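A short write-up of the structure that comes next.
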Amino acid sequence: MSMMSPEAASPDLWSTKRQFEQVSPASLAGRFMRSFWQPIAMATQIEPGRARPVHAFGESFTLYRTPDGTLNLTEFRCPHRRTQLSTGWVESDGIRCMYHGWKFGTDGQCKEVPGEDNENYIRRIKLKTYPVREYLGLVFAYVGDGEPPEMPRYTAFEDASYLDVSTYFRDCNYFQNIENGIDEVHVNFTHSTGLFEHSGLNEEVPQVEAEQTSYGLVAKGVRSDGRVRETHLLMPNILMLKLPPSAEGENEWRNYISWRIPVTDTLHMTFIVQGVSIAGEDIDKFIAARDEVNAQIAALESFKDVSRRVMSGEIAMSDIPPRPDITGIQDYVTQVGQGEIVDRSAEHLGRSDLAIVLLRRMWERELRALEMGEPLTSWEVPEMLAPTKGL
């Protein structure tokens, strides 16, 4: 694979026909994202016998788990009078609407219509269903056309001593967060305090290199002493990197993987899995410490309110006292500060943006192929793919 050169940053990569941020079912980017398995919920968010609404890719769905633990994903609304299906009752073999009691099997087929004795009418009614899998503490779904591809595995996380799974929402387009993840230089400034402050990564601004790979791209932050931090972007929307240890009993940097999932064009959610190298009693200590930190955060002014006060000029970042979620505040301010959807045509990209330029070129190429009906790239995740911390 060839390295990106500085000259690669100059071409105009913006196309009004192939905009990355549009995620409706009819849009090119929306169709492209739907051609991959994507997480839509944390597994712990859906208990046996319960249903919940899921909003992703500009659409809404019903996710439910039957009493035996089987996950199912189907349409958001009952086809009868169009009420929200997740408010109904989950039964052993399907879900029943709370409005008029219509029941649908796990295959989507209508099974009962109270007050209706026309069997042919009932058989003609069927909900669309979608393949779902539970993996790494997340619920993955395939909501694209045709048969789903083989679901990739991220084996470096399968062997982790403990998986810490979380999610959050951010009030801007998902692609801004994708680009942020492979921006090696922003760590030195956006995260000059907090998680990365004493990590050893902020001692100097790295030289940036970027290279296409079999799975997407690798962004490299090269320091003057030869140290190289590698961050992976797995197509189309997966970030894999190393995070510093932050808990008692944790001696190694964490493996981190996240998915940026659009809810609408101006709102997205991120699902995060962190492989933590702890074992035995330290796992219980880690969970207790994490829960204590979450309780501390819950007692503080919300990160979103703090971020908005910074963006309005009411306070400065330096006015914020130390708090556990400062990294999220820093990223919220910079990414939402770009606007709900950044105007890429007004940007001035440079040498440090090579990874972002490469990412846009790769996406542009894939969307162009999709538009022309040509084959898309077949991406492959290597066994035990893992990032490096560069220290």
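Looking at (1) in contact with a Cys (Cβ under 9 Å, 6 or more places away or on another chain); (2) under 20 Å from H55 (Cβ atoms); (3) of a type in the set (A, V, I, L, M), can you tell me which one I125 breaks?
Result: I125 passes all but (2).
Yes or no: the range 310-318 includes at least one residue that is assigned by TED's automatic domain parsing to the domain that holds E204, over 17 Å from the mean Cα position of the chain (by Cα), surrounded by fewer than 19 Cβ atoms within 10 Å (Cβ to Cβ) and under 24 Å from P39 (Cβ atoms).
no
Can you list the strands (runs of 3 or more DSSP E) lying wholly within the range 210-266 that have 1 or more residues being under 19 Å from L195 (Cβ atoms) and among the hydroxyl-bearing types (S, T, Y)?
The qualifying strands (runs of 3 or more DSSP E) are 228-234, 254-264.
Find the residue count for the range 195-243, including only residues that are at positive phi and either in contact with a strand residue (DSSP E or B) (Cβ under 6 Å, 6 or more places away or on another chain) or among the acidic types (D, E) (or both).
1
Would you mind telling me which numbered condition in (1) over 27 Å from S302 (Cβ atoms); (2) of a type in the set (D, E, K, R); (3) out of contact with any Gly (no Cβ under 9 Å at 6 or more places or on another chain) E209 fails?
Of everything listed in (1) over 27 Å from S302 (Cβ atoms); (2) of a type in the set (D, E, K, R); (3) out of contact with any Gly (no Cβ under 9 Å at 6 or more places or on another chain), E209 misses just condition (3).
Hey, could you check the range 185-201 for residues that are farther than 15 Å from P244 by Cβ and either surrounded by fewer than 16 Cβ atoms within 10 Å (Cβ to Cβ) or of a type in the set (A, V, I, L, M) (or both) and say which is farthest from the chain's Cα centre (by Cα)?
F189
Only one of these is crowded, with 19+ Cβ neighbours inside 10 Å and in contact with a strand residue (DSSP E or B) (Cβ under 7 Å, 6 or more places away or on another chain): F104, F76. Name it.
Testing whether each residue is crowded, with 19+ Cβ neighbours inside 10 Å and in contact with a strand residue (DSSP E or B) (Cβ under 7 Å, 6 or more places away or on another chain) leaves just F104.
Could you tell me whether any residue of the range 63-70 is at pLDDT 95 or above and basic (K, R)?
yes
Within the range 22-39, which residues are within 19 Å of T266 (Cβ to Cβ) and either among the small types (G, A, S) or not in a helix (DSSP H, G or I) (or both)?
Of everything in the range 22-39, those that are within 19 Å of T266 (Cβ to Cβ) and either among the small types (G, A, S) or not in a helix (DSSP H, G or I) (or both) turn out to be Q22, V23, S24, P25, A26, S27, A29, G30, Q38.
The values are calculated or read from the model by the stated rules, or taken from the named source; none is laboratory data. Computed from a prediction, not measured in an experiment: that's the story for all the values here. Please note: Cβ atoms are built from the backbone with ideal geometry, for glycine as well, and neighbour counts cover all protein chains shown.
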